[in-house]
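Structure record follows, encoded as structure tokens.
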Amino acid sequence: MSQSRYGRGAPGGSFTGSSPKSHSKGVAASCPGQNQPCPNTSKHKNCCSDIRIVLTLTEPEEAFVAELKNMYRLLKKSPPVVSKLGNYFNQCSNPYESFLKILYNSQEFYNANKKSLPLLLIEEFGSFATINRNKIAHLLTGKLKIDAFKIITKQNVQSVTKMIIDIFEMVQDGALFVDNIQCLIQKKQYKEACQYAAMLSLHDKFSTEEFLVPLIFQDKLHFVDEFLHGSPSHQRALIQFLDSVLDHNSVRDAMGQYIADRHIPQVKYDKIHGKPWKRLIVRFTKMFKIPADLTPNLNRRRNEGALQFLLHKRFIENSFGDESWKEMVQEAVGDNEDLQRELVVRVAQYGEFAEALRWAHFYSVDRKDWPYGVRMFDDNRDPHSRQPPPADDWDEPNAALSKTQCHQYPLPFNTVLLVDDPRKFESFLDVGLQDVDIVGIDCEWKPSFGGKTSELALLQIATRRSVYVLDIVTLGDKAPHLWMELGKFLFNNCDILKLGFSLSSDISMIRHALPNLNFSTKHMGFLDLCMLWKQLEKYPKVRLPFDVKTGGPSLSTLVHNCLGHPLDKSEQFSNWEKRPLRESQIYYASLDAFCLIQAYDVLKRCFEEANCPFDDLCYSLIQHDKSPRKKPRRALNRSGQAESDPPQPPSPQTSSVQAHEVKMVCDSMLQGLGRSLRRCGIDTVILENNQSPDECVKHAVVDNRYILTRKKGFRVLIKCVTAGQCLRVTSDHPDEQLDEVLNFYKIVVTKNHAFTRCMACNGNKVITVPQDTIKALHSAATPRKYAPPCDDEEEATGFTSDEDFDDYEVGCYRPTKPAESKQLAFYTDNRVDLGLCQTKLGVQIKVNSLPLTVMNTHEVFYICEECGEVYYGGSHFERILTRRLRETVQ
């Protein structure tokens, strides 16, 4: 038995660290991850010495490893394999050293995956070391930790590295590995150095320029992000370094010399320019919420760009209103004296000497800094008028498109209502959205210059009768219950079609500024007219009334094509946060929302005249609110050819079956189809995004459900169930997917089945309660200090009786009275506890989610006993049934 420097080891002769591929040769002094000698051998002693432990396996150890591999190949992770490893570690004098030997000599050590033997070794030894820590902790020396670190650097699986770092408690002695990481830096292995420094929490041992800056030059930002998340000081230091580069006229010239001096390899020179550099700084400031005062050069450059943009809009495009021009110039220039002088010079270059003179006086620019033309204009003026003009004395209105050439708001201006206090907000909810089936939605916010973030200022909601301009700056987060009602009434109501143009940016701003709306755009009736407009190329028969060739894909161009005149955009770039709003701003904002309805009507008429399916196209766009993803590459088999999908077995159903007699489970790729099946009254389990497709097999076996999946899932799941129990859904259209399932399994859906399951939990236990009961539940659920006094305390407890009902709503759908059925349990007796605001099953009733106006206007409500969701009655079932399931329901 040989004696290791760490204790009595397993049988075998002495051997210096070697590669598992060649056990007959030792490892020369080298840095981790490389076999070349370290350039700083004398300085980095720890990193450049040989691995000290014996890594060659003796014959008994080789026999053990061979037997272990055979067992694992047959049994995988099983009690016999785990027991064998535990017994082996218990017999070793130094389990840490023995574990490293077995791990290092594993053939799969270099690319260990989650089903490999090395990962099993690591997991089991980690458990063993945790349980027996008090017995073996003294064997874990600093030298052994260094050797373990050198061994793990010979593979590239980050998860394996993290697990071994935890097992060998390397973070506690992180200073031991500084020399190793310095060697990696010297050898230009910046990625590895960054990873190990982050995993060992050695942020304070390294500066930003040692590997973070080189990684930026190599465009390996993922590793930079991981390191920065653990060190706020490095976040600020790196951003200040990046910002300092913008002080030079040319980022490429400044950094080119920096890169040459440090011999940084693999540089992505296409990223070292002004625009990518500024975008990189903005990315880091947003990611780590860095204040704008740390990036003065970025702010200056962005303001310079903003000033150039404003000048172009004013004097080249002639599309800037006077008030908007003054507001935004002051916003862009601010207190920067260099930009103030630049403004005077640039305005004069456009020949606008009078306006340049006014800005010179406005900012008190020294006369010696005035352009020659401005000085001459001032000298030639009437001597009596040489006093500085007042701040509001500007030129005549800008010669932009006159309003007679632009599209006009067709309704009286008194139909535009500014909502800027809770009272008006309540009136808007009570009156403005009554009997509305379509709205136009638009937003306004002040353009941001420098490092500032734009904030939502206005939310415009247009109906066919009026336009409501919600003042977000004034309302703010006041009256959160009113915002919740708006979300329930409008944004989460799929019965109201919500029009927008390039909706994604507006939706993002609304969600950030108004979290109480709590809505999802998926399946909730949001239609982007920009996406609809782009679909016209697929329908050559559809012709818009006005064929306008100029203008890009903007709302103004769409309005021009549909209605004959473009929009007046002179107020687009305004200070929307300044109060009070100008009448011209309110006019512009209201027209931007109302014209969406007008353009939609024209598009619909043109489709109908061309006999093209307008409703089906809109429905498909509403369902798919995101652009289609790029199709992944198909997997290759061993011969290098694309792996073909297995054939679809025939349906196990030989005859028709009723909807309530079948059960389904949809994987996470078919959540929309799952909701459609629930609408048909089919018992359907829907997997969440974080659930594995393997869960489908469990539901299929335990509950005898049919599995519905797509291509990739089908190849895996079809092997786990009987023939026909797994269906590969091929269509991307929700309606076609539903048809596929119903036709394949021969399912019959009738009106008695449709909409008889809770959309939230898939439950089929729904009870009816009258309006008084809902009000009592709301009173019980409301904190006492907000609740009105109760006249009859006895009504706060006990149960209520049910009333007959004609129809009920599940989610946003409103079906007729369900048939009496043994399979569907609709209880009509006393099953609601008013005192506890619970169902008989002990589930809290979500009565607070109902808007007050709904409670006051509906007489019958329906509660799911299993999840507590509350639904209310409606009168649109036939229309919904016709629109959504017209080809399905019998």
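Each value in this text was obtained by applying a stated rule to the coordinates, not by laboratory testing. Here the structure is a predicted model, which means the values were calculated and not measured. Positions of Cβ are generated from backbone atoms using ideal geometry, with glycine treated the same way; all protein chains shown enter the neighbour counts.
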Original post:
Amide H to amide H, which residues 5 or more places from VAL685 or on other chains are under 5 Å from it, using H placed in the peptide plane?
Top reply: MET664, VAL665, CYS666
Original post:
How large are Rg and Dmax for the stretch 420-484 when only the alpha carbon atoms are used, in Å?
Top reply: 13.4, 45
Original post:
Where the centroid of each part is defined by its Cα atoms, how far is the stretch 460-539 from the stretch 724-766 in Å?
Top reply: 29
**OP:** Quick one: net charge around LYS220, please, counting Lys, Arg +1 and Asp, Glu -1 for every other residue with C-beta under 13 Å from its C-beta.
**Re:** 0
Original post:
Tell me, what are the semi-axes, in whole angstrom and largest first, of the equivalent ellipsoid of the stretch 641-751 as set by the roots of 5 times the Cα gyration tensor eigenvalues?
Top reply: 20, 15, 14
Original post:
Which whole-percent values make up P(r) of the stretch 560-615 when all C-alpha to C-alpha distances are grouped in 5 Å steps starting at zero?
Top reply: 4, 16, 21, 17, 13, 10, 9, 6, 3, 1
**OP:** Could you pull the Rg and Dmax for the stretch 228-385, using just the Cα atoms, both in Å?
**Re:** 20.0, 68
Original post:
In whole Hz, what ³J(HN,Hα) sequence does the stretch 167-176 give by Karplus (6.51, -1.76, 1.60; θ = phi - 60°), x for Gly and Pro?
Top reply: 5, 8, 6, 6, 5, 4, 10, x, 4, 4
**OP:** Starting from the stretch 324-373, pick out the GluC sites (Glu not before Pro) whose DSSP state is loop and whose Cβ has at most 16 other Cβ atoms within 10 Å.
**Re:** none
Subject >> Full-extension gain in nm, LYS289 to SER651, via 0.36 nm per residue minus C-alpha separation >> reply: 124.8 nm
Original post:
Looking at the stretch 264-299, which trypsin sites (Lys or Arg not before Pro) are DSSP coil and have at most 14 other C-beta atoms within 10 Å of their C-beta?
Top reply: LYS268, LYS289
Original post:
Scattering from the C-alpha atoms of the stretch 82-216 alone, worked out with Debye: what is log10 I(q)/I(0) at q = 0.13, 0.14, 0.16, 0.20 1/Å?
Top reply: -0.57, -0.65, -0.82, -1.18
Original post:
Sequence-distant or interchain residues sharing an amide H contact under 5 Å with VAL832, placed H: which?
Top reply: THR800
Subject >> Three principal axis lengths of the stretch 413-540 [C-alpha, angstrom, descending] >> reply: 49, 44, 31
Original post:
Measuring from centroid to centroid over Cα atoms, what is the spacing of the stretch 358-380 and the stretch 247-299 in Å?
Top reply: 36
**OP:** Step through the residues of the stretch 681-687 one at a time and calculate ³J(HN,Hα) from phi using the Karplus curve (6.51 cos²θ - 1.76 cosθ + 1.60, θ = phi - 60°), rounding each to whole Hz and writing x for Gly and Pro.
**Re:** x, 9, 5, 9, 8, 10, 6
Subject >> Local electrostatic count, ASP247, Cβ distance below 10 Å [Lys/Arg +1, Asp/Glu -1] >> reply: +1
Subject >> Ordering of 62-68, 175-181 by packing [mean C-beta count within 10 Å, highest first] >> reply: 175-181, 62-68
Subject >> Equivalent ellipsoid semi-axes, the stretch 700-773, via Cα gyration tensor eigenvalues times 5, rooted, Å >> reply: 31, 16, 12
Subject >> the stretch 467-608: equivalent-ellipsoid semi-axes (sqrt of 5 x gyration tensor eigenvalues, Cα, Å) >> reply: 29, 20, 12
**OP:** List, in the order given, every pair from LYS114/LYS711; LYS289/LYS534; LYS746/LYS846; LYS278/LYS326; LYS84/LYS135 whose Cα-Cα distance in the structure shown is over 30 Å.
**Re:** LYS289/LYS534; LYS746/LYS846
